[in-house]
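A.B. asks: Below: one structure in structure tokens.
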Amino acid sequence: MELYAAMTTTPTTRFYRPDPVPSEVLHRILDAARHAPSGGNRQGWRVVVVTDAALRRKLRDLYLPPWREYVERLVARAGGRRSRSLERSDEFAEHLHDVPVHLVVCVDVGALTITDDELGRPSIVGGASIYPFVQNILLGCRNEGLGAAITTMLCRREPEVKDLLAIPPEYAMACLLAVGYADEDRRPSKISRRDVSEIAFRDTFDGGPFEA
């Protein structure tokens, strides 16, 4: 698939067919994704490829409590209303164990260089050493005809996930990627995003929109 076509047609997949994903396809995706940029070429990423049904159900059970707390806060802020998008996400959460592959992406904390840890706000910089790898996986899935969804909600249960999957203490959980063949009847038909003029600015933030 042409690169820009993949970038503009890779939505979050919430609904999947039960078909298993061949190991050789997953290996091909990871083989390409590992070429992502990495600070100091430390390549601190590690992936646990979870296909065992019992483990997937246990991960779903760990996922649901923080997800439900999050939903309660969203609904409360919306005056008790539940959007269609939230309903779709809620159905995804309840059926997370049915998604054929869970990729639990971890990173060696010692491989991270946190340069924004003294700015008095949540750190963002550490993700530069792991999320380009994650995005490569998402694009690889699209190229292979697979759907995928990235979620960090499970990171709130990191100690239990690490215990369940025997993840060493020096690694932190970056995200879970749900991977499988999309239910095409329920796949988003288009991706809605802001125009470039709304997100890019000439020279300074108040310098006006960046135009071609």
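What follows draws every value from the coordinates through simple rules; no lab data is involved. Please read all numbers here as calculations on a predicted model, not as lab measurements. Backbone-built Cβ (ideal geometry, glycine too); neighbour counts: all protein chains shown.
A.B. asks: Of all alpha-carbon pairs in region 91-140, indicate the percentage at a distance above 13 angstrom.
C.D. replies: Pairs farther apart than 13 Å: 69 percent.
A.B. asks: Just from the alpha-carbon atoms, what are the Rg and Dmax of region 127-212 in angstroms?
C.D. replies: In order Rg, Dmax, the Cα atoms of region 127-212 give 18.1, 51 Å.
A.B. asks: Another one. Using the number of other C-beta atoms within 10 angstrom as an exposure proxy, rank 45, 67 with the fewest first.
C.D. replies: 67, 45
A.B. asks: Something else now. Restricting to DSSP loop positions (anything but H, G, I, E, B) with no more than 13 other Cβ atoms inside 10 Å of their own Cβ, which trypsin sites (Lys or Arg not before Pro) remain in region 31-105?
C.D. replies: Answer by residue number: 81, 82.
A.B. asks: Sticking with this structure for a sec: If you average the sequence gap of Cα pairs under 8 Å that are 6 or more apart and divide by the length of the chain, what percent do you get for the contact order?
C.D. replies: Relative CO of the chain lands at 34 percent.
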